[in-house]
Amino acid sequence: MEGAAEDIVADDAVVSRPIPPHPLMSSPTRDPSRASRASPTRPPQTLEIFAHPPTPNPDPHPQTVQGTALETRGEVTATCYDTSGTRMATCTTQGAIHVWDRVDGPDGAPGTWRQTAAWAAHRSACRAVAFAGAEFGRCLASSSDDGTICLWRESVRAPGAAAAAAATAAAEDGSSEWERCAQLRDSSKPVTRLAFAPADHGLQLAAAGDDGAVRFYSPADQLALHQWELCNESEALRPGAACSGVAWRVPNAAVTDVDRFDGPEGPIHAHGDIPTLAVALRWPDGANDARVLCYDEAGMRWRVSGRVYEGPAEVNALAWSPVTRAGEPETIALALGADVGLFRVDGRALMDDGEAGAGVESPRAALDATLHHPARVVGLDWNSVGNTLATSAEDGRVRLWSANALDGTWETQAQLVGE
């Protein structure tokens, strides 16, 4: 494996080659993004819960659904989906990246996952992967323990029926090619968090890791995805910090339209358009916090506009729920040891503070609920409308949570376990 990685990463004109021979899809798997709605007579089904918001679960014992494993080279360290939810990328401790596509049935029903590409991407363990928005083509970012960040693009298919047939055959064989567009290294420590900004903010990648800095990258040529460069960064003032989570605030298109109005010299982009993200930090002495950064366009820098959490519990992950209605409180979920804290935040007030240059001495967050788990929580993700939260804990289970419509109490709707 190390030899393969050396060959592939050696030059700038790198094109991914499949890891031979390795039939990574030995058995079909069920799609964790599917679930059916709960009803008083039928327990919720895990595999459609993100497509249809659930109603309160009448059964105090949520249904458990068993998944099917996908084989990879090395232990999986991170997973991400594209915006369609039908393409998934995983990375491993051996520096490999695997791309999977969901093969749906003829009736459109979600089907099984099939590997379409796999390659040795890094010389050291790969710690994070992230897809850019569909508006920017098939772009994937990855990062590793040696501080390297790579940007990848699926190879452009030549026109014509023969080329289309060859591309289909390569995908079915798991050997589609991805080319490396850029290789960046501005940290000597592991880069463990990657997140692309919402499309409204352009093609922008936030990267963070064990040196405590959040760095922002953009390409000079967004069409060719070439000439990526460091365009900004934000560092914790207190030395020794390590970053354990990054999550962008994702405004709803309708909400953004409400915040945009015409001024005497043309359209004015108000609060909904300000780039904003939450960052989790930890220090060797046991201090932890989660803060919100807003971009100050006038000063061309990122400002801390508020703290969501500060305390002894280590923040292992965080996720900002999508904005669905203008003016309503937003929720930031924090993985605090074996608990998940749901914090209500006033996103508009935080952005006001960011524009005004306010510091972290005026937090605008309140704990709304605590979700207890039997083991340390290491992953969080919201569904597209922000009413269902998926949590991943070290007991090997993924739990799906939503608020009871009657009293607002958060309950486990379903659990997903591996083979």
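Values in this text are rule-based calculations from the coordinates and carry no lab data. Since this is a predicted model, take the numbers as computed values, not measurements. All Cβ positions, glycine included, derive from the backbone under ideal geometry; neighbour counts span all protein chains shown.
Here are a few things to note about the model shown:
- The packing ranking, built from the mean of other Cβ atoms within 10 Å per residue, places the peptides 181-188, 337-344 in the order 337-344, 181-188, highest first.
- Sorting the segments 93-102, 282-291 by their residues' average number of neighbouring beta-carbon atoms within 10 angstrom, most packed first, yields 93-102, 282-291.
- Counting Lys and Arg as +1 and Asp and Glu as -1 over every other residue whose Cβ lies under 13 Å from the Cβ of G133, the net charge comes to -1.
- For region 174-222 and region 80-145, distance of Cα centres in Å: 15
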